[in-house]
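Student: Shown below is the structure under consideration.
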Number of protein chains: 2
Amino acid sequence: MSELTIGQVARETGLRTSALRYYEEIGLLPAARRVNGRRRYEPVVLRMLEVMQFAQRAGFTLNEIRTLFHGFGTETPMNERWQALAEAKLRELDELIERAHCMRRAIEVGLGCGCVRLEDCVIGVPCDSED
Amino acid sequence: MSELTIGQVARETGLRTSALRYYEEIGLLPAARRVNGRRRYEPVVLRMLEVMQFAQRAGFTLNEIRTLFHGFGTETPMNERWQALAEAKLRELDELIERAHCMRRAIEVGLGCGCVRLEDCVIGVPCDSED
DNA sequence: CCTTGACTTCAAGTCAACTTGAAGTTGTAG
DNA sequence: CTACAACTTCAAGTTGACTTGAAGTCAAGG
């Protein structure tokens with residue numbers, strides 16, 4: 001039982017079958033081999049989907065993930081488009097992390113202070129400039 | 001000139017007028033006073049919008065932001081719903097920050113290694129368990 | 001043979017957060 | 001007075017990431 005049905009992949013990954021079909025439709029997953037019209041997946045897609053879900057939770061769009069996967073390891077071990085995207089995303093992630101920290105601090109201040117208006121709390125936290 | 005037109009608010013905040021009308025429609029902004037049918041805003045909305053944009057960039061949905069603003073400072077200085085939402089969001093933010101850090105590390109590894117397949121890179125980075 | 005469950009395709013629906021377009025109103029500048 | 005920009009409402013369109021529904025196919029069990 002080396003090949004998996006769409007249902008098995010769905011169960012293993014926690015995705016819905018509709019999502020898997022959708023991924024194939026938009027070219028995120030390579031078109032699966034068909035047996036009597038039904039999809040058969042090689043186990044490696046489980047890992048791909050794992051990474052994809054991970055990337056998605058980290059804020060990548062499906063479009064970016066597709067580029068990430070297509071650009072990675074084709075021809076040269078590390079091509080330029082992948083590198084550019086990765087570096088851009090790195091900067092985005094840094095911004096995201098900073099904003100998240102900032103909002104976190106703001107909420108904590110809000111939880112701990114007696115402000116009547118949220119604006120007063122948040123504005124009082126120094127963040128937009130630097131840490 | 002203490003009250004602002006929708007155009008002025010838009011210019012000051014960087015939002016489109018359509019967005020401001022939309023915010024009013026969904027109850028995120030209180031319905032502005034009308035003069036001959038046109039909206040007039042008190043300057044305080046600039047701060048509100050500032051905070052709202054900030055919260056949005058930090059990952060809050062408009063729905064959450066509305067709750068955050070409505071629940072804050074009404075009746076008791078710090079009511080329970082606000083507190084619950086804030087604490088839940090705090091946990092979400094922590095998760096987000098961790099995932100972002102993790103993806104960041106994964107990308108860096110990807111940039112620095114010679115892997116042919118992205119999966120190999122990302123999977124090699126210890127993250128899903130703990131840091 | 002018939003049912004059942006897992007699958008297929010294709011079209012349309014959903015949600016958030018807006019934007020766009022049409023058609024009309026208001027206030028000011030020339 | 002006329003033009004024009006800035007506003008109004010209301011309906012419909014957009015994007016991303018899917019989901020839902022209809023109608024049909026296929027293999028296995030009773």
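Student: Arrange the peptides A:32-39, B:51-58, B:22-29 so that the one whose residues have, on average, the most other Cβ atoms within 10 Å appears first.
Tutor: Peptide ranking by packing, descending: B:51-58, B:22-29, A:32-39.
Student: Moving on. Order these by the 10 Å Cβ neighbour count, fewest first: B:Thr67, A:Thr61, A:Thr17. Before the final figure, lay out each step's value.
Tutor: Values: B:Thr67 17, A:Thr61 10, A:Thr17 14.
Going from sparsest to densest Cβ surroundings: A:Thr61, A:Thr17, B:Thr67.
Student: Rounded to whole Å, how close does chain B get to the rotation axis onto A by Cβ? Give me the residue too, please?
Tutor: Spelled out as residue then distance in Å, it is B:Ile97, 3.
Student: Using a Förster radius of 35 Å, what is the FRET efficiency between A:Asn63 and A:Arg11 based on their Cβ-Cβ separation? Nearest 0.05, please.
Tutor: After rounding to 0.05, the efficiency reads 0.85.
Student: Another question, if that's okay. Is the shape of the range A:1-50 best called rounded, prolate or oblate, per the rule: a/c under 1.5 gives rounded, else a/b larger than b/c gives prolate, else oblate, with a ≥ b ≥ c the square roots of the Cα gyration tensor eigenvalues?
Tutor: rounded
Student: Every other copy gets compared here: list the nm distances from the B:Gly27 label point (7 Å along Cα to Cβ) to its counterparts, shortest first, one decimal.
Tutor: 4.3
Student: Run the label-point distances for A:Asp94 please: 7 Å along Cα to Cβ, every other copy, nanometres, shortest first.
Tutor: 2.7
Student: From the label point of B:Thr5, set 7 Å along Cα to the beta carbon, how far off in nm is each other copy's matching point, shortest first?
Tutor: 6.5
Here, each number is a calculation from the coordinates, and none is a lab measurement. All of these numbers come straight from a predicted model, not from anything done at the bench. Glycine also receives a Cβ, built like all others from the backbone with ideal geometry; neighbour counts cover every protein chain displayed.
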